[in-house]
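Take a look at the structure below.
The values are calculated or read from the model by the stated rules, or taken from the named source; none is laboratory data. Being a predicted model, the structure only gives us computed values, none of them experimental. Heads up: the accessible areas ignore ligands, DNA and RNA and are worked out on the full protein's heavy atoms, side chains in. Shrake-Rupley method; radii C 1.70, N 1.55, O 1.52, S 1.80 Å.
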Amino acid sequence: MAFPIDRPRRLRQTERFRRMVRETRLAVDNLIYPLFVCPGSGTRREVSSMPGCYQQSVDRLVEDCRDVAGLGIPAVILFGIPERKDEAGSGAYAPDGIVPLAIRAIKSAALDLTVITDVCLCEYTSHGHCGVVENGEVVNDATLELLAREAAAHAAAGADMIAPSDMMDGRIGAIRDHLDEIGYASVPILSYAAKYCSGFYGPFREAAESAPQFGDRRSYQMDPANRREALREVELDIAEGADIVMVKPALAYLDIVREVRDAFDVPVAAYNVSGEYSMVKAAAARGWIDERRVVLETLTAMRRAGADLILTYHAKDVARWLA
Ligand code: PBG
């Protein structure tokens with residue numbers, strides 16, 4: 001018999017063959033585009049560590065959303081930068097806070113676009129932590145009520161989906177109960193279920209002005225060394241009512257995406273975070289890598305690992321490339 005018998009190269013010969021046997025597809029339907037909204041009008045400030053990403057006032061944000069919808073991207077996720085931060089993060093749950101304002105404006109533009117909102121306190125607290133601080137500690141249970149109020153303010157303004165990113169224990173249940181009680185039982189929750197304490201969030205903290213003013217987030221976000229704990233976190237969030245679960249960051253945690261995909265039947269999202277974006281942008285600006293090729297390769301890898309949805313700052317570029 002001639003050697004070799006198996007010749008996998010046969011089906012790699014032409015793009016038509018490759019297209020026919022391709023196992024994983026990246027589509028615009030998989031994308032969620034993160035946006036930062038700030039007070040003012042006519043404002044559009046580029047985030048220096050995230051070229052192509054902006055802090056935008058509501059009017060400019062609506063224009064951007066129009067582009068996003070026009071590109072066929074199904075959803076945005078909003079992050080708010082309030083006028084003032086305080087100890088209690090009151091801007092997070094103010095009914096007329098920056099995110100509710102943005103939701104109402106996007107909704108009145110009647111775009112074909114799902115509006116998801118990030119629910120957390122860190123963008124709104126003067127100390128920059130994701131929960132209530134007492135005696136220098138982030139306290140869990142007192143935070144839950146504020147998160148539930150924040151989710152309620154977003155739902156009341158018309159948010160299509162709520163995405164809690166704080167990593168307090170029990171927050172999915174607390175938010176679900178409260179939303180159900182006040183008439184928003186049909187608003188789904190996308191939970192940042194396995195969110196690791198990561199150095200890859202650095203540029204985001206410039207974009208959202210949310211860096212902790214003391215200490216770090218290790219008492220609530222997960223230790224990057226842990227795998228079993230991620231499955232436990234996801235299990236808890238599903239039991240508490242999460243409709244979609246997220247792993248974050250994405251690239252350094254594709255093993256976790258795969259395990260979550262295999263262990264649970266709910267849709268899985270992966271967050272291609274700010275630091276992942278900035279690294280690609282920086283290298284591409286120097287001509288060291290081919291941006292388009294690397295972005296499509298990494299997002300395809302996230303899909304291959306099992307992510308149904310990908311939150312990514314590259315979404316608009318990707319939608320153009322895929323068109
Ligand atoms: C808020 C939040 C963070 C991100 C999303 N929601 C930052 C953090 O936990 O410090 C990070 C997103 C990114 O880096 O792109 N808790």
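Here the scattering of the stretch 22-109 is modelled by Debye summation over its C-alpha atoms, one equal scatterer each and no solvent; at q = 0.11, 0.12, 0.18 Å⁻¹ the log10 of I(q)/I(0) is -0.35, -0.41, -0.82.
Note on the chain: Cα Rg divided by 2.2 N^0.38 Å, N the number of residues, gives 1.02.
Accessible surface of Phe200, taken over heavy atoms with a 1.4 Å probe and every protein chain present, rounds to 70 Å². Rolling a 1.4 Å probe over the heavy atoms of the protein chains gives the chain an accessible area of 45 Å² per residue. Of interest is the spacing of the C-alpha centroids, which for the stretch 14-56 and the stretch 256-323 amounts to 9 Å. Where only DSSP H runs of four or more residues are counted, the chain gives -11500 deg cm²/dmol as its mean residue ellipticity at 222 nm, each run worth -39500 (n - 2.57). Shown in residue order for the stretch 121-126 are the 3J(HN,Hα) couplings computed by the Karplus curve 6.51 cos²θ - 1.76 cosθ + 1.60 at θ = phi - 60°: 9, 4, 6, 10, 8, 5 Hz (x for Gly and Pro).
Less than 5 angstrom separates the built amide H of Cys53 from those of Val47, all sequence-distant by 5 or more or on a different chain. Within the accessible surface of the chain, defined with a 1.4 Å probe on protein heavy atoms only, the carbon and sulfur portion equals 49 percent. Using a probe of 1.4 Å, the accessible surface attributed to Arg10 totals some 130 Å² when neighbouring protein chains are kept in position. Sorting Asp317, Asp262, Asp290 by solvent-accessible area of protein heavy atoms yields Asp262, Asp290, Asp317, largest first, with a 1.4 Å probe. Accessible area per residue was computed with a 1.4 Å probe on protein heavy atoms; His127 scores about 10 Å².
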